[in-house]
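The values are calculated or read from the model by the stated rules, or taken from the named source; none is laboratory data. Since this is a predicted model, take the numbers as computed values, not measurements. Virtual Cβ from ideal backbone geometry, glycine too; neighbours counted across all protein chains shown. For the accessible areas, the whole protein counts, side chains as well, though only heavy atoms, and no ligand, DNA or RNA atoms are used. Shrake-Rupley method; radii C 1.70, N 1.55, O 1.52, S 1.80 Å.
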Amino acid sequence: VDSWSVKKKIIQTKMLARQIISSLNSCNKNIIKNYFSVRVNIALNSNNIDGEVELFDVFDENNDKILTQIPRDIVHATGHLHRAVNILLFNSDNKLLLQKRNYDKDVCPGHWDISCAEHLQPSESYKNAVKRGLSEELNIRDENIDIKKIRDWKLSKQEYNNGKIKDYEFTECWRANYDGKIKIDGDEVIEAKFFDVEKVKEMINDKNISFTPWGKREIRSYILKE
């Protein structure tokens with residue numbers, strides 16, 4: 001390989017791998033070594049690396065101290081604790097925006113979901129993650145949008161695809177109020193609609209309608225008060 005940019009990327013990838021491996025217990029080291037080995041091989045064989053590594057802060061069991069930073073794929077493969085935020089977006093008629101996930105999603109394809117959900121980026125606050133999620137997922141860029149936290153963080157442990165994806169998150173739930181235009185990401189979402197609360201209740205209790213587990217949990221807690 002005679003491309004300096006690729007060589008530089010390989011060096012950075014190897015350094016990141018060593019840093020992460022040194023901070024973890026032995027049971028997860030092989031997963032991480034394999035992950036970074038694949039990335040380096042991609043660079044060697046194609047003179048490129050498949051994009052930037054998306055890192056998550058990994059927290060202790062009290063959601064208080066950052067232990068290290070690990071790539072998203074590894075976090076979900078090993079079940080390390082990280083942060084996320086769920087958002088319920090209402091309009092002035094008190095209708096809730098629900099999204100329907102694309103059919104090619106790894107987790108819950110074709111399921112109805114809450115208005116917005118985001119993993120937190122490194123060093124990001126929950127509040128800033130709410131604003132970023134509304135901007136990225138719904139194209140809401142109003143800095144003065146009315147948002148408020150409606151539930152403090154809780155540890156949620158969900159596993160998908162026969163345990164291959166372990167989503168162990170410290171999740172807060174926030175409410176946003178907005179009457180402006182929204183624009184969904186067609187690669188992520190099939191459709192998005194506002195529903196009145198009574199209709200949402202019917203949908204949640206309809207066994208023929210598929211909801212994401214986290215979406216159902218937040219709706220039952222905040223709207224149904226269960």
Self-check item: the stretch 160-172 residues that are in a strand (DSSP E or B), paired with ones that are among the small types (Gly, Ala, Ser) and open to solvent by 30 Å² or more (accessible area, probe 1.4 Å) (beta carbon under 9 Å, 6 or more apart)
Solution: 165/77; 166/77; 171/117
Quiz item: Looking at the stretch 151-168, which of its residues are open to solvent by less than 80 Å² (accessible area, probe 1.4 Å) and closer than 15 Å to residue 107 by Cα?
Solution: 158, 160, 161, 163, 165, 166, 167, 168
Practice problem: Give me a count of the residues in the stretch 177-215 that are open to solvent by 70 Å² or more (accessible area, probe 1.4 Å) and in a helix (DSSP H, G or I). | Solution: 4
Self-check item: Hits in the stretch 99-117 - residues which are touching a residue at least 60 places away in the same chain (Cβ under 8 Å) and part of a loop (DSSP other than H, G, I, E, B)
Solution: 102, 103, 105, 107, 108, 110, 111, 114, 115
Quiz item: residue 148 is checked against (1) in a strand (DSSP E or B); (2) touching a helix residue (DSSP H, G or I) at 6+ places or on another chain (Cβ under 7 Å); (3) open to solvent by 50 Å² or more (accessible area, probe 1.4 Å) and fails just one. What number does that condition carry?
Solution: (2)
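Do we find a residue being at pLDDT 95 or above and more than 16 Å from the chain's Cα centre (by Cα) anywhere in the stretch 18-31? Steps first, answer last, please.
First pass over the stretch 18-31, keeping only residues at pLDDT 95 or above: none.
No - not one qualifying residue is present in the stretch 18-31.
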Exercise. State the number of residues belonging to the stretch 110-139 that are crowded, with 20+ Cβ neighbours inside 10 Å and either of a type outside the set (S, T, N, Q) or modelled with pLDDT under 95 (or both).
Key: 15
